[in-house]
Amino acid sequence: MQTLSTEQRTFFETAVSTYQADLAADTSAQAYLTSRGLSPADAATWRLGVVRRPLVGHESYAGRLALPYLTPAGVVNLRFRCIQPHNCKTVVLWVDEKGKEHNCVKYLSIDGMESNLFNVLDLKKESPYIGVTEGELDAMTLSLCGIPAVGVPGVENWQDHFGRCLADFDLVYSFTDGDKAGKAFGRFLAREAKARPVRVPRGQDINSIYQEKGADGVRALIAG
Ligand SMILES: [Zn+2]
């Protein structure tokens with residue numbers, strides 16, 4: 001794992017505080033979170049923000065949701081999610097000199113940063129099991145439903161030590177999206193973390209189940 005300098009930690013802390021303040025003044029970003037079932041209190045728990053006043057080097061994240069990676073030692077990383085009401089994959093943001101179209105990228109990571117597990121504070125919770133999701137939003141959602149969970153920022157960002165973080169739990173559940181990519185990720189987690197795949201209905205993810213059926217609907221996935 002990479003260690004951060006004091007300057008980097010201070011920079012992340014300033015960034016997170018700034019983007020939290022930006023969120024507090026931004027009704028459209030608040031509405032986005034509400035639409036995903038996340039209350040202002042939930043946003044405060046995870047120190048979520050929106051980038052309206054980007055810090056130097058963060059200009060390309062303007063308008064995005066800021067997802068801080070919180071640890072007992074403070075903020076160690078950030079990712080930025082597009083919250084525009086569009087399908088990122090079909091939106092052409094710019095065309096390069098060769099005529100190649102570049103789509104919006106749903107999640108942006110900070111260049112040069114190693115990836116981290118999201119929500120590692122849940123690893124300290126007293127629980128015989130832990131959930132693993134793809135992405136931050138589903139990890140927060142599971143946690144809200146009383147299921148401790150960590151998020152992997154995409155299968156391509158898996159690090160070997162993630163598996164060791166999960167080794168203390170009797171049972172690891174993988175909650176992956178109900179689509180082809182989700183199934184592949186589930187197989188990957190079964191191999192890397194001995195995770196038991198939880199069946200998520202086709203076309204759904206944890207957050208959409210939460211929006212539709214609440215915490216009971218999510219908990220029912222691992223009942224019985
Ligand atoms: Zn987008």
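Scan the range 1-27 for residues that are outside any helix (DSSP H, G or I), more than 20 Å from the chain's Cα centre (by Cα) and either surrounded by fewer than 15 Cβ atoms within 10 Å (Cβ to Cβ) or among the charged types (D, E, K, R) (or both) and the total you get is 4.
Yes or no, residue by residue, for (1) modelled with pLDDT under 95; (2) under 25 Å from residue 44 (Cβ atoms); (3) open to solvent by 10 Å² or more (accessible area, probe 1.4 Å); (4) out of contact with any strand residue (DSSP E or B) (no Cβ under 9 Å at 6 or more places or on another chain):
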site	(1), (2), (3), (4)
136	no, yes, no, no
141	no, yes, no, no
147	no, yes, no, no
150	no, yes, no, no
155	yes, no, yes, no
161	yes, no, yes, yes
171	no, no, yes, no
179	yes, no, yes, yes
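Would you confirm, using the coordinates I've provided, whether residue 83 is farther than 19 Å from residue 14 by Cβ and among the aliphatic types (A, V, I, L, M)? For residue 83, the condition - farther than 19 Å from residue 14 by Cβ and among the aliphatic types (A, V, I, L, M) - is met. Of all residues in the range 48-59, none satisfies being open to solvent by 20 Å² or more (accessible area, probe 1.4 Å), in contact with a Leu (Cβ under 8 Å, 6 or more places away or on another chain) and modelled with pLDDT of 95 or more.
For the range 73-100, the tally of residues that are out of contact with any Phe, Trp or Tyr (no Cβ under 8 Å at 6 or more places or on another chain) and either away from the ligand (no atom under 16 Å from the Cβ) or in a strand (DSSP E or B) (or both) stands at 10.
Of all the numbered requirements in (1) open to solvent by 40 Å² or more (accessible area, probe 1.4 Å); (2) on the phi > 0 side of the Ramachandran plot; (3) touching a strand residue (DSSP E or B) at 6+ places or on another chain (Cβ under 7 Å), residue 99 misses one, and that requirement is (3). Take the conditions (1) polar (S, T, N, Q); (2) without any contact (Cβ under 8 Å) to a residue 12 or more places away in the chain; (3) within 16 Å of the ligand (Cβ to nearest atom); residue 60 misses just one of them, which is (2).
The values are calculated or read from the model by the stated rules, or taken from the named source; none is laboratory data. Because the structure is predicted, anything quoted here is derived from the model rather than measured. Every residue, glycine as well, gets a Cβ built from its backbone with ideal geometry; the counts of neighbours run over all protein chains shown. Calculation scope for accessible area: heavy atoms of the full protein, side chains included, ligands and nucleic acids excluded. Shrake-Rupley method; radii C 1.70, N 1.55, O 1.52, S 1.80 Å.
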